[in-house]
Structures are given as C-alpha cells and as structure tokens.
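Peer 1: One structure follows; several queries about it will come next.
The values are calculated or read from the model by the stated rules, or taken from the named source; none is laboratory data. All figures in this text were calculated on a predicted structure; none of them were measured in a lab. As a convention, Cβ positions derive from the backbone with ideal geometry for all residues, glycine included, and neighbour counts pool all protein chains shown.
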C-alpha cells in the first residue's frame, strides 16, 4: 500500500505537527510539503517541523534550463537512499513542461548507478 501525506507550509508550524510528521516518517509514509515560500525558507520549515530527519540529506533542486536540470537530476539519482528534495517553483515548472525528458533522464541515471 502506498500512502502520501501533503502538508502546507503554514500547517507545519502548528501544535503537535512535529510529532505527527515524525511518527508518519518513521512509519515509512512519504510526506510532501507544499509552500509558496523561498527555497531557503521551505528548507527551514521542513527541518523545524521534523518533516526531514536530523541526519537526512536535503537536496535543493533549483534550475533554469533543461541541461542544468538534467545534470542535477543525474546527481539526485546517484544519491543513496534517504534524501529529502526541495524544489523551487521554476524548476518544478521546467520538470512538468519536460516531463517525459525529466523522467527518462532520472531513470537512465539511476539505472546506471550501482549501490
């Protein structure tokens, strides 16, 4: 069974949210936080709300063009296991506009990586 929880940035600062998010994360449930904040602010909220574990690597995906995005997606695919990803709006739009290319680049990079 796959479960995904979406949390807004504002909700992440409310009472008992830290404990709830940490419990869900420990249960293996993937959590997405959607916010209109700058990438630095979103990263801080993710850490302070315990959406991201203390020892978890945070990969900031920020790109203005497809070539740079391709390189960064390849870097992300090579990261081991437990990595949190923070994506800015412009990069998300670039991924969505080039969905098939982005997905194939991510798959081809991870397929060639051995762990």
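Peer 1: List the pairs whose first member sits in segment 6-33 and is farther than 13 Å from residue 53 by Cβ, whose second member is modelled with pLDDT of 70 or more and in a strand (DSSP E or B), and whose Cβ atoms are under 7 Å apart, counting only residues at least 6 apart or on separate chains?
Peer 2: So the pair list comes out as 6/32; 6/34; 7/31; 7/33; 8/34; 9/33; 12/33.
Peer 1: Could you tell me which of the residues 9, 81 is at pLDDT below 85 and on the phi > 0 side of the Ramachandran plot? Spell out the reasoning first.
Peer 2: Working: 9 fails: on the phi > 0 side of the Ramachandran plot.
After ruling out the rest, the residue left standing is 81.
Peer 1: Between 70, 114, 109, which is surrounded by 13 or more Cβ atoms within 10 Å (Cβ to Cβ) and modelled with pLDDT under 80? Explain how you work it out, then say what you get.
Peer 2: Working: 70 fails: modelled with pLDDT under 80; 114 fails: surrounded by 13 or more Cβ atoms within 10 Å (Cβ to Cβ).
None of the other options fit; the residue is 109.
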